[in-house]
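Working notes, structure below.
None of the figures in this text is laboratory data; all of them are computed from the coordinates on show. Note that the structure is predicted; figures quoted are calculated from it, not measured. All Cβ positions, glycine included, derive from the backbone under ideal geometry; neighbour counts span all protein chains shown.
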Amino acid sequence: MATIDKEPETGLASLIRKESCPEAYGWRVVGPTNLSDPLQHVENIRGFKIRDDDVILAAYPKCGTHWVWEITHMLLRQTTDYEKRCKEQVMLESNGGIARCEKEESPRIINSHFVFAHLPQEIIAKKSKIIHVWRNPKDTLVSFYYHYKSVIVDSRFTFSDVLETSMADKFTIHTQFEYLQQMSKFEEDHPDHPIIHLCYEEMKKEPIKVIQELARFLKVPADDEFCRKVADACSFENMKVINQSGQKMFPAEFSVSRGPGHKNPEIYRKGVVGDWKNHFTVSENERYDMIINRAGEKGLKFKFIYQ
Ligand code: A3P
């Protein structure tokens, strides 16, 4: 297993790509920032053993992964009780994630922000059900900004700093557009693979309808009343209360791997559609639209909803 032996950097610099940033299978390695052997980490995850009934929750960060993880738990376990652990416990690439996932009871809901090239390759042969969550890139970036603000102790950076860094593609993490493109490519290459795409904005608008669709995809019973209860239990307000109550703790290794200068993230911030309007200036918005349009010209299949 990969170990941690480097002093992490602090501030926004800790998230900006270095010349020496390792790549595997054509993608930069994203994950715990201070692994001694990031390439081995990717190999360990690619070789992770998949069970027949595993469900894979795949998303670009800040698109609503925690929300869907909780909903999926309730549907698979046929309960409206909250899952006792937090999503990070079974986040495959997190520090100690593989060992925790191996101990998990079936059916597992394994979540990851990794691209397919870095995910367990057995997912393909086993045709594991994949739940993909996506969100408009402007709100995603705003959510990222606050995520970084909560994670990094030296948080003297502005939204514009994060936006400029993202537009210049200088973060270690690949862009949301690249993530979505590789998702579409995976579908083209594996047309029979069961994948459901859940759109954050549609979930906000019609949560019960989306929960019903997800239940059908998972092939679990879910009448209207149950779906309504799940939607209510997993509303932003209720999930925020549950998570702030301290019932769901981050795994110890997850916290340790962040090292000095970093804290655990605050996930439940605002949970709305369109907060980007409070953050982008008119000219920033125009420039970001150009980037989105350019991604569209390259064949991006997702049509974003902004309000
Ligand atoms: P904001 O920062 O815009 O509030 P992820 O889980 O992928 O890290 O995504 C986090 C984003 O999802 C945050 O967005 C968070 O508030 C939002 N979120 C989490 N739970 C939610 C819920 N139950 N309903 C709506 N949004 C939720």
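Under a cut-off of 20 Å between alpha-carbon atoms, report the aspartates and glutamates in cross-link reach of Lys185, not counting same-chain residues fewer than 8 places apart.
Within the straight-line cut-off, Lys185 pairs with Glu23, Glu122, Glu297.
Give me the Å³ per residue figure for the convex hull around the C-alpha atoms of the chain.
Dividing the Cα hull volume of the chain by its residues yields 129 Å³.
What does the net charge come to around Ile109 if you take all other residues with beta carbon closer than 12 Å to its beta carbon, with K and R at +1 and D and E at -1?
Working: positive: Arg51, Arg77, Arg85, Lys87, Arg108, Lys129; negative: Asp53, Asp54, Glu70, Glu83, Glu104, Glu105.
Within the 12 Å Cβ shell, the charges total 0.
May I ask which of Lys49/Lys138; Lys18/Lys277; Lys103/Lys219; Lys84/Lys229; Lys62/Lys170; Lys126/Lys240 have a Cα-Cα span longer than 29 Å here?
Distance filter (> 29 Å) returns Lys49/Lys138; Lys18/Lys277; Lys126/Lys240.
Lys298 to Ser283: extension gain in nm, 0.36 nm per residue of separation minus the Cα-Cα distance?
Values: separation 15, 0.36 × 15 = 5.40 nm, distance 2.32 nm.
Going from the current span to full extension adds 3.1 nm.
Hand me the trypsin sites (Lys or Arg not before Pro) from segment 59-153 located in a DSSP loop with no more than 11 other Cβ atoms within 10 Å, in residue order please. The partial results should precede the final answer.
Details: sites: Lys62, Arg77, Lys84, Arg85, Lys87, Arg100, Lys103, Arg108, Lys126, Lys127, Lys129, Arg135, Lys138, Lys149; in loops: Lys62, Lys84, Arg85, Arg108, Lys127, Arg135.
Here the trypsin sites (Lys or Arg not before Pro) that fit, given the DSSP loop and packing criteria, are Lys84.
Return a whole-number percent for the relative contact order of the chain, with Cα pairs under 8 Å and 6 or more residues apart as the contact set.
27
Which number do you get for Rg(Cα) / (2.2 N^0.38 Å) in segment 1-157?
Values: Rg = 16.2 Å, N = 157, 2.2 N^0.38 = 15.0 Å.
Ratio of Rg to 2.2 N^0.38 Å for segment 1-157: 1.08.
Want the number for Ser20 to Lys209: 0.36 nm per residue separation, take away the alpha-carbon distance, what's left? It would help to have the intermediate numbers written out before the result.
Details: separation 189, 0.36 × 189 = 68.04 nm, distance 4.59 nm.
So the extension gain works out to 63.5 nm.
What is the calculated FRET efficiency for Asp275 to Asp81, with r their C-beta to C-beta distance and R₀ = 30 Å, to the nearest 0.05?
Efficiency, rounded to the nearest 0.05: 0.50.
Tell me, what is the percent relative contact order of segment 52-208, built from C-alpha pairs under 8 Å that lie six or more residues apart?
Values: 171 pairs, mean separation 49.6, N = 157.
In percent, rounded to a whole number, it is 32.
What is the gain in length, in nm to one decimal, between Glu225 and Ser150 on full extension, counting 0.36 nm per residue of separation less the C-alpha to C-alpha distance?
On the way: separation 75, 0.36 × 75 = 27.00 nm, distance 3.67 nm.
Between Glu225 and Ser150, full extension yields an extra 23.3 nm.
Considering only DSSP beta bridges with both partners in the chain, what is the antiparallel share in %, to the nearest 5? Please report the intermediate quantities before stating the final value.
On the way: 5 of 20 bridges.
Beta bridges within the chain, antiparallel portion: roughly 25 percent.
Sequence neighbours fewer than 8 away in the same chain don't count; with that in mind, list the aspartates and glutamates whose C-alpha is under 13 Å from Lys301.
Qualifying aspartates and glutamates at Cα under 13 Å: Glu178, Glu187, Glu188.
What FRET efficiency, computed as 1/(1 + (r/R0)^6) with R0 = 25 Å and r the Cβ-Cβ distance, is obtained for Leu39 and Ala13, rounded to the nearest 0.05? Provide the component values of the computation, followed by the final result.
Values: r = 23 Å, r/R0 = 0.91.
My answer for the efficiency is 0.65.
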